[in-house]
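Since the structure comes first, as structure tokens, the remarks are kept for the end.
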Amino acid sequence: PMTILPEKNSARLRRIRAEQFCLLAQREASSVYRPHSEVLRMLAAGEAWAVCEHRSEPVEALLTLPLNADTACAAALREYLCWDGTQQGCILTPPIGSAPQQAPALAAAAVRRAAKLCGGGPVWAVLECTAGSEPLATAYLKQGFALRAIRPLDSLSPCYLFGFEGADAPAVEPIWVPLGEMGRVAALLARGWAAVDSRPSPQGTALALCPV
């Protein structure tokens, strides 16, 4: 069973309607949410959750998708995992909206919902590699996710792929590599390593990497 970190300072999620999520997606440049027909397939298969303002207007949202969803993102992740279709699972899509400062809190709360939807299977989070994604990438690590790969998913831009590992400390002493050294980080991940933590460094955010 999944071990979820204690609920602390988590955002209060509210499930939102498909049309509310579509309005946010219209202003989103992420290739995960293109074309519009792909967004509709995601909404048909999954759930849209958001942090809302006092007037109940969603300002930051994401989707929880079954791993077996008929969407490009889920299909590409299944191919990466060599998924045989015998287990359930859940995917968190990249947060979108006008309040990126809320994205870490949204993701922290959404993982609790994903734990209820995954049917005992794995929970994965997908995050496109952009200049603004670093704070959320470190937030996922703090929530018990491990960065397992940096790679494109199908026709999508290069993405961080996070698998939920829980709150256990790594079994071996990690090495610390600046996140800015993307090639070195990606090479270690491709060898079966994972990033399990982060900390500030003179070179920017550094990742704790260890073999898994």
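So here's what we get for this one:
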item: Cysteines in the chain that, by Cβ-Cβ distance, have no pairing candidate under 4.7 Å; result: Cys22, Cys52, Cys73, Cys82, Cys129, Cys159, Cys210
item: Relative contact order [Cα under 8 Å, 6+ residues apart], the range 16-134, whole percent; result: 24
item: Neighbourhood charge, 9 Å Cβ-Cβ cut-off, centred on Pro94 and excluding it, Lys, Arg +1 and Asp, Glu -1; result: -2
item: Cα-based convex hull volume of the range 62-169 per residue, rounded to whole Å³; result: 101
item: Value at 222 nm in deg cm²/dmol, rounded to 500, when DSSP H runs of n ≥ 4 in the chain each add -39,500 (n - 2.57); result: -8500 deg cm²/dmol
item: Rounded to the nearest 20 debye, dipole of the chain from Cβ charges on Lys, Arg, Asp, Glu; result: 320
item: Carbon plus sulfur fraction of accessible area for the chain, probe 1.4 Å, in percent; result: 50
item: Rg to Rh, two decimals, where the range 172-212 supplies the alpha carbon set and Rh follows Kirkwood; result: 0.94
item: Accessible area in the full protein assembly, largest first, 1.4 Å probe, for Tyr80, Tyr140; result: Tyr80, Tyr140
item: Scattering profile of the chain at q = 0.10, 0.12 Å⁻¹ [log10 I(q)/I(0), Debye over alpha-carbon scatterers]; result: -0.40, -0.58
item: Relative contact order (%) - criterion: Cα under 8 Å, at least six apart; region: the chain; result: 17
item: Cα-based Rg and Dmax for the range 57-115, where Dmax is the largest Cα-Cα distance (Å); result: 13.0, 39
item: Dipole magnitude of the range 15-112 about its Cα centre (Cβ charges: Lys, Arg +1; Asp, Glu -1), debye to nearest 20; result: 120
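The values are calculated or read from the model by the stated rules, or taken from the named source; none is laboratory data. All figures in this text were calculated on a predicted structure; none of them were measured in a lab. Backbone-built Cβ (ideal geometry, glycine too); neighbour counts: all protein chains shown. Ligands, DNA and RNA are stripped out before the accessible areas are found, and what is left, the full protein with its side chains, is counted by its heavy atoms. Shrake-Rupley method; radii C 1.70, N 1.55, O 1.52, S 1.80 Å.
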